[in-house]
1. Under 5 Å between amide hydrogens, which residues at least 5 positions from Asn644 or on another chain qualify, with H placed 1.01 Å from N in the peptide plane?
2. If you take the charge dipole of segment 40-107 about its Cα centre, with +1 on Lys and Arg Cβ and -1 on Asp and Glu Cβ, which of Cys67, Ala80, Thr47 is farthest toward its positive end?
3. For the chain, give the share of DSSP beta bridges that are antiparallel, in percent and rounded to the nearest 5; count only bridges with both residues there.
4. What is the set of long-range amide H partners of Arg88 at a cut-off below 5 Å, with H atoms built 1.01 Å from backbone N?
5. What percent of all Cα-Cα pairs in segment 519-662 falls into each 10 Å bin, going from 0 up to the bin containing the maximum distance?
6. Leaving ligands, DNA and RNA out of it, rank Arg218, Arg642, Arg115 by accessible area with a 1.4 Å probe, largest first.
7. Where the centre of each part is set by its Cα atoms, how far does segment 610-683 sit from segment 272-335, in angstrom?
8. Identify, among Ala194, Ala324, Val177, the residue whose Cα sits farthest towards the positive end of the charge dipole of the chain, taking +1 on the Cβ of Lys and Arg and -1 on the Cβ of Asp and Glu, with the dipole about the Cα centre.
Amino acid sequence: MTFRNLKPLTLALAVTVALAACQKAEAPADTVAAPEPAPAPLVDLATLKTPLISLQAGDLDTNVSACTDLNQFVNAKWLAANPVPADRTTWGSFELLAERSLEIQQKLVENLAARTDASGTAKLIGDVWATGMDEAAINAAGLAPIQPILDSIAALDSGEAVAEWLRTSYAKGQGYVFGFGPSPDFKNSALNIAYAGQGGLGLPDKGYYFDEQHAAIREAYVAHVANILKLAGADEATAAEQAKAVMEFETRLAKVSMSSEELSRDVSKYYNPVTVADADALAPNFPWSKFFEAQGIAAPEMFSLAQPDFHKEVSAMLADVPVATWQAYLRYQSVDNAAPFLADAFAQENFNFYGKTLRGQQEMQPRWKRVLNTINGQMGEALGQEYVQVAFSPEAKARMQQLVGNLSEALKARIENLEWMGEDTKAKALEKWAAFTPKIGYPDKWRDWSGLQTSRDSYVANLMAANAFNYQFNLAKIGQPVDKTEWQMSPQTVNAYYNPLANEIVFPAAILQPPFFDANADDALNYGGIGAVIGHEMIHGYDDQGSRFGASGNFENWWSDKDKAGFEERTGKLVAQFDGYESIDGLHVNGKLTLGENIADLGGLAVAYDALQRELSTKKVAEIDGYTQDQRFFMNWATVWRRNFKDEELKVRLQTDPHAPAAFRAIGAPSNLPVFAAAFGCKEGDAMVRPADTQVAIW
């Protein structure tokens, strides 16, 4: 079970490089050495099949006014012509860039796997790829790769034995029931401490266990649990009985779990510092002193036992839930977690529920994509070292550094000119601005993977080795200074993030392509694309949660009471705006769940517009395809949010995703900006012009 930590707040230009040539012996003086032909590039980017999205005049639906619906004006024609592929649940700008990234990665790993002399990360990646692609061997192995785990579960005979099993499993990197891992101390962000949080649920959010709208999903989930248990050897009747018990077990956990909305909108719920003795008293049947001992690390003076009611209930369940129920739950979790990497029958059953039923995906992705996704999950940074050699240029990095600098100056000016903020709070806001750390493309220091052993023998064995290695890597951080050079996304990830505990903004290489960034495009497109993304990540430092952290990354209140009240009055209007958007089947966007991203969109777009005006102040740019730079700025903003969803996927996201659906992101921020209305000549009463009393201006 993945540790549900304080998550980063989110949202390439490419060159090929030659393999290094061996040094040649010096030619005799009376001869001239013939030049050697340049080695073939590792990846020829010109051969990639996935197209890039960019703003094109032919895509515009001129039957729809930008003043009525910017998203429909810019994206309707493309969306109608590009439904979600059968092996996807969403399809648009982000997904197309992700597909291109996967194409590059596939060529890289095939090259690595073919090497007979590979060492280091090349060997690790090649081993996982080769064993993951060996479908015949995986099918022949059946359940054998995890049979020792199932045998150990079958031997459990008491609550104490279950607790010991959980401890020893965690020490192997196999987490169940709760989440555990390192993260910076909220009060001293330069130091990593241990965090333990809720987990153990098979459905996306606690509401899925109780809300009437999810009754059919609950029924399908119980059937899925039964199917997994049957594949693991249970007969029909036993599987049905155990599946019901598993559902009751998880429902009890769900009752004491916090919802996605609660956790995303109050970061303090991740931080509950306690002594180990206090934790032992809270959860006597799962003593944390023994847990730390089992992990091979010294018991800390303090750690965060987040969501304490959850841990208290787990302790109670170790005493009053029958061992047979614990065994059924752990057996199901073990098999289902491993199912995507086991024989076809297991992978298909896992997909049937989590892909098809829950999210509307019609076909499983081809094996090569699934194996690449696994490599990215287990050793993404190792693959990133190979990726950036062929897909990220020094020129792209230099241009991004310039854009970040321009956006930074525009943000500073906006803060300085805020009318609603007092001078003392403003000084603190500027102090935080001055402390931003930008990271672009890839890490300055690559992670060391020495010590991880893989082979060509077993896919699951390689993944277990990687999982254990990563867990030990993370355990070693507890009690140690934070490594500020680390990244939380790999370079080949199409995204960006802000980390409040480090006050850093991070832009992986793979996002630096159209429609976000194009060295050959006009300024309006780059500022409406990657410029707005840069602004978005900067504003995360000042959203409803990022604004609770100071310049150093510590959790602290730097606001005056008056300014905080003014901020919350403005953000409340933004909550109301997004609450009013109806998405599908009468379901509305959750304005509170999505507040942080909506603040970042609004402020980021405004900052990017200001930066564009600075860029254009010394230039005269003619209209392009009949549109001004201001218009093209907002049009490319909408192009970034060009995205189709499967209905089922959209419903899951409405309850769990802190990002509003793309269509509302395309229109939400521009509708609050008078400069958008001016750009398109919109009038009061137009749908994209919010009335003065509901118009939101924050940063």
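The values are calculated or read from the model by the stated rules, or taken from the named source; none is laboratory data. Quick caveat: nothing in here was measured; it's all calculated off a predicted structure. Backbone-built Cβ (ideal geometry, glycine too); neighbour counts: all protein chains shown. The protein model used for the area step is the full one, side chains on, heavy atoms only, and it has no ligands, DNA or RNA in it. Shrake-Rupley method; radii C 1.70, N 1.55, O 1.52, S 1.80 Å.
1. Counting only residues 5 or more places away or on other chains, the set is Trp91, Gly92.
2. The residue sitting farthest along the positive end of the dipole is Thr47.
3. Counting DSSP beta bridges with both partners in the chain, the antiparallel share is about 75 percent.
4. Hits under the 5 Å cutoff: Gln362, Glu363.
5. That works out to 11, 32, 32, 21, 5, in percent per bin.
6. Ranked from most to least accessible, the order is Arg115, Arg218, Arg642.
7. Result: 47 Å between the Cα centres.
8. Going by the Cα projections, it comes out as Ala194.
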